[in-house]
Every structure is written in C-alpha cells, then in structure tokens.
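We did not get these values from a lab; they are worked out from the coordinates using the rules stated. Computed from a prediction, not measured in an experiment: that's the story for all the values here.
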C-alpha cells in the first residue's frame, strides 16, 4: 500500500464517518427532510452515497488500468439518481447506514490496493469532456468527495428546516 493510496482511503473513510455521524443523530423528521433543489430526502442522499461507492471505484479501477471512461454522461447520472430516489424513497436509516459502512470500507480497501503508478495513470473521462484525468483525480473528484458534497447539502437542508 502506498502512502498516497492510504491517504486517499483515509479521506474517504473520514467523509463517510462524518456523514454517518450526522445521519445517526437525526430525528425522523430531519431524515425525511427534502432539499429545495433536487427534492431528494436526507435519507435518500445517505443511501445514494453508499450505493455509488462501488460504481465510482469500478470506474477508478478502469482508469488505474489505463482504460478510458466512455459513454458515461451527466444525463445518465441524473437518470440513475432519479431512479434511485424513487426506488429508495422509504429507505430505513439502519439500512442506509449499514450500506454506507460496508461500501465505504470496501471502497477504502480498493483504494488502498492501488499503487502510485496506477494513481498516476490517465485516460479520457466522458463525464469530464473526455479530458485525460488521472485515477487519483477521479477518485478525489468522485468517491472521496462524494460524502463531503452530500454532507454539505444535508447541512444546508437542515439549516433551512424541513420542507
């Protein structure tokens, strides 16, 4: 395990732990609160982060092998997110938190398995206009950042009050 891959994995674990800590202490009303913009509930957002870790890691591992990420568009991402929100509208907190725990641990382990050489490999990424991105950048921009991004969104929802 490289120091870089370990540091990335630790940042992912810290974000997932912060998200879990916040979600664990919410009232049922707050768990069901909806964001003003995308209308997903807090519970759906927590489950969403957990659900996306395997896909984000799979894509990063493809980059680590020098393969491009092709055909993945933001329209497809939005469709996946909308379907997820509908399918898991009534997600139980315990289920979402357990999935977050399991999938963040698996994601961190997969990141730790990457060498510095793999982290440095770059290939075109369709989500980013086919810009050649390194595996490390992709991890930082997706799997590592994901929990922090939604944690901030959840905090905004909670500060605004239930809708």
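The table for this structure:
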quantity: The chain: most fluctuating residue of 20, 90, 64 per GNM, C-alpha cutoff 10 Å; calculated: 90
quantity: Computed [θ] at 222 nm, deg cm²/dmol, the chain (DSSP H ≥ 4; -39,500 (n - 2.57); rounded to nearest 500); calculated: -21500 deg cm²/dmol
